[in-house]
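These notes are about the structure you will find just below.
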Amino acid sequence: NRILREECGSGKFACAISRLGARHVTGVDLNKNSIAFAGKQAVKANLDHKMDFKTGSVCELPFDTDSFDFIWSNGVIHHTTDYSGAIKDIYRVLKKGGQFFIYVNGRWGMLEVLTDALKEICRSIPPSFIKNYCESIGMHTGRIYWLIDNLYAPYEWKSREDVISILENAGFQVNKQLTRGLEIDQIEMVSQNIPYARLKY
């Protein structure tokens, strides 16, 4: 099967999908540095013979209609300035009968309120300053990436209902919502309607 890993980032998910048996995986990212890094990871994993990477936007994917059997989008679409447009273009390049996995941060409550407030506070602080400070106190690279992502990347928060509506309007049939399976995860408890979970959250 031909699979698109939309916004390849470090290439870890593209490599994982390839290891799981995909015939060919294509990674897409706006950032040329990410493309170069992901390509190096594919070589390290000895998977470069069945992977390729392209620079492009999820809102205007550089592929023909009906190109992919499966599309994986993990934590990307909520960063676009055109949520619906991105979903429509993903639907365009997905083959009829193909499958689409999407992970997006939804709107729940205090997390988004705090994140939006911190974005305002950090508007006058260069991301490089935050990054250098975090490195100086020994923060893990992945945690730094997450922090910079939350403080500086654009976010478009949507409720679960809004996301489903956008997907269905684009032509998708929503089959399943996967859960994280973490008993201590408060957001997961809310989504599973555990008694008092919403009140606690």
Solvent accessible area, Å² - residue 139, 1.4 Å probe, full protein context
60 Å²
Which value, in debye to the nearest 20, describes the size of the charge dipole of the chain about its Cα centre when Lys and Arg Cβ atoms bear +1, Asp and Glu Cβ atoms bear -1, and nothing else is charged?
520 debye
With +1 on the Cβ of every Lys and Arg and -1 on the Cβ of every Asp and Glu, the dipole magnitude of the range 55-98 about its Cα centre, in debye rounded to the nearest 20, is 120 debye
Once amide H atoms are placed 1.01 Å from N in the peptide plane, what residues at a sequence separation of 5 or more from residue 54, or on another chain, have their amide H within under 5 Å of its amide H?
27, 28, 29
Of all accessible surface on the chain at a 1.4 Å probe, what whole percent is carbon and sulfur?
54 percent
Helix-only CD estimate at 222 nm, as mean residue ellipticity for the chain, using -39500 (n - 2.57) per DSSP H run (n ≥ 4)
-12500 deg cm²/dmol
Rolling a 1.4 angstrom probe over the protein chains, ignoring ligands and nucleic acids, what is the accessible area of residue 81 in square angstrom, nearest 10?
130 Å²
For the range 28-33, Karplus-derived ³J(HN,Hα) couplings (6.51, -1.76, 1.60; θ = phi - 60°; whole Hz; x for glycine and proline) come out as 10, 7, 6, 8, 5, 5
Given charges at Cβ of Lys, Arg, Asp, Glu: the chain dipole, positive-most of 93, 15, 78:
15
Gap in Å between the Cα centre of the range 6-62 and the Cα centre of the range 152-201?
27 Å
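The values are calculated or read from the model by the stated rules, or taken from the named source; none is laboratory data. Treat the numbers as computed from the prediction; the structure is a model and nothing was measured. Because the Cβ atoms are built from the backbone with ideal geometry, glycine has one as well, and the counts that use them run over all protein chains shown. Ligands, DNA and RNA are stripped out before the accessible areas are found, and what is left, the full protein with its side chains, is counted by its heavy atoms. Shrake-Rupley method; radii C 1.70, N 1.55, O 1.52, S 1.80 Å.
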